[in-house]
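The values are calculated or read from the model by the stated rules, or taken from the named source; none is laboratory data. These numbers come from a predicted model, not from an experiment. Here the Cβ is made from the backbone with ideal geometry for all residues, glycine too, and neighbour counts use every protein chain on show. SASA here: full protein model, heavy atoms, side chains in, ligands and nucleic acids out. Shrake-Rupley method; radii C 1.70, N 1.55, O 1.52, S 1.80 Å.
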Amino acid sequence: MRRVFLGGFLVWLSAAVLAEGTSPNPQAAPPSLTLEEAVERAVEQSISLQINAIDLKTAKQGADTLWAQFFPSLTLGGGVSYDASPLTEKTAQYPSRDPITYTLNFRASINLNERIFTTLDGIKLLYQSRLFSYEQARRQIEIQVTRTFYQLLTQRENLSIREEVLNLAELQLEKNRISFENGFISNLAYLQSRLSAETEKLNLSRAQTEYYSALREFLLLLGYEQNTGTRLEGSIDAAPFEADPEELIREYLPKRPDIISQWQKIEQLENSRTQAFLSSRGPSINLSASYDGNYYRNFTDNLSGSITVAIPLDGWIPGTMKDQSLRSARAEVEKAKLELKNIEDTARAGIRSLAAQIGDSWVWIEISRLRVEIAELTYELTEEGFRNGTVELLTLEDTRNRMAEARQQLLTDELAYQTMILDLAAALNVDWREFSRRGE
């Protein structure tokens, strides 16, 4: 289960970081790494997030310079001509005429058509969409890194459990060796204790291989060298999490990524509908002005301007192509609003379900903690009975294994609990740190 979870994240993050090109020369891994440092490093290394930042900057520039849409088209021109034709009766009366003619012209034009205001709305919507995409991508990276960091902490704690179990098995082996040499236990019992110790060594070796392999991959994806000497600072301290579903729905439902995306879709469709209306039924205005200067013998100039208004008529006639296009745009808006209602209903059900699962998961943690307490006490009593000769070696080993399994199950339950909180934070599109503080 843990391998599948971690493998899925490694594939995701490699597509977001390595496949896009991490640093060709990874930096040396630090001796210790906190969760905050890992998240910050992953955000810095994400090429996709850097691309989103560039797109966001471009969209913001367009939103900050909306006046550019009204800026007129300006042209400036000039020329020089030479007339080398012979004198005629008409030009003979000007014997001192200058054959060189100078011209200068300047023109300004602006077209205030029906699309100008919808274009402005489209630029604003594009910026909002890019901003949302950037924030969502950043939070996804943060949550995915946090999940893997918690996963690695769980694996490291599992190593501690395996090491303790191995120490107990080796200690019991040494006691059995002395007892066997003094004739207090049989050769079979001694061989069984040896088998138990060797089995625990193998279990510890496998757990170490799994942990250090995952740690190397994690460091590599953060742009560090594969150094297994790096220690992850922190622990999974599960605490009760107050998750009132109705309060979460009121406070965070509008922040869900799918709902925000659907609202943006509706705004875009509304913008398209307005544009379709103006295109099929609205007037368009064109303003233009020009200035011409000419120097022959005397300087002459001319200033002119024009205004043109055009009103389409076919859009007002029912059944025409433009009328059908307008009706289709209205229908798309209505469909998008119905889809939004469906998304909101599904989101409410999902939030309630996750909140209920978090509550049940905390109950399981409390049960697991009680199970660990019972397993540890049972092992102590069983070990005492084995020393007194009232309990067999196989029973002692079975009790020790159940104690290890209870501790591992507690780790698994705590990891699942933290993962559910992260899932809820991702579903509500809020900062995972904010949710972590709720549990304090």
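What the table shows:
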| read-out | value |
| --- | --- |
| Percentage, to the nearest whole number, of Cα pairs in segment 143-252 over 16 Å apart | 71 percent |
| Karplus-derived HN-Hα couplings along segment 196-212 (A = 6.51, B = -1.76, C = 1.60, θ = phi - 60°), whole Hz, x at Gly and Pro | 5, 5, 5, 5, 5, 4, 5, 4, 5, 4, 5, 5, 5, 4, 5, 5, 5 |
| Cα centroid of segment 232-267 to Cα centroid of segment 335-379, whole Å | 14 Å |
| Violating pairs (Cα-Cα greater than 23 angstrom) within the set Lys57/Lys124; Lys57/Lys337; Lys60/Lys335 | Lys57/Lys337; Lys60/Lys335 |
| Ranked order, Met403, Met420 - accessible area, probe 1.4 Å, largest first | Met420, Met403 |
| Inter-probe distance in nm under a simple model that places probes 7 Å from Cα toward Cβ, at Ile54 and Asp323 | 4.9 nm |
| Residue order for Trp432, Trp362 - accessible surface, 1.4 angstrom probe, largest first | Trp362, Trp432 |
| Leading residue at positive end of dipole, segment 119-201 (Cβ point charges), from Thr119, Asn187, Tyr134 | Thr119 |
| Computed E for Ile236/Ser306 - FRET, C-beta separation, R0 56 angstrom, nearest 0.05 | 0.15 |
| Using a Förster distance of 30 Å, the FRET efficiency for Glu373-Ile47 (Cβ separation, nearest 0.05) | 0.05 |
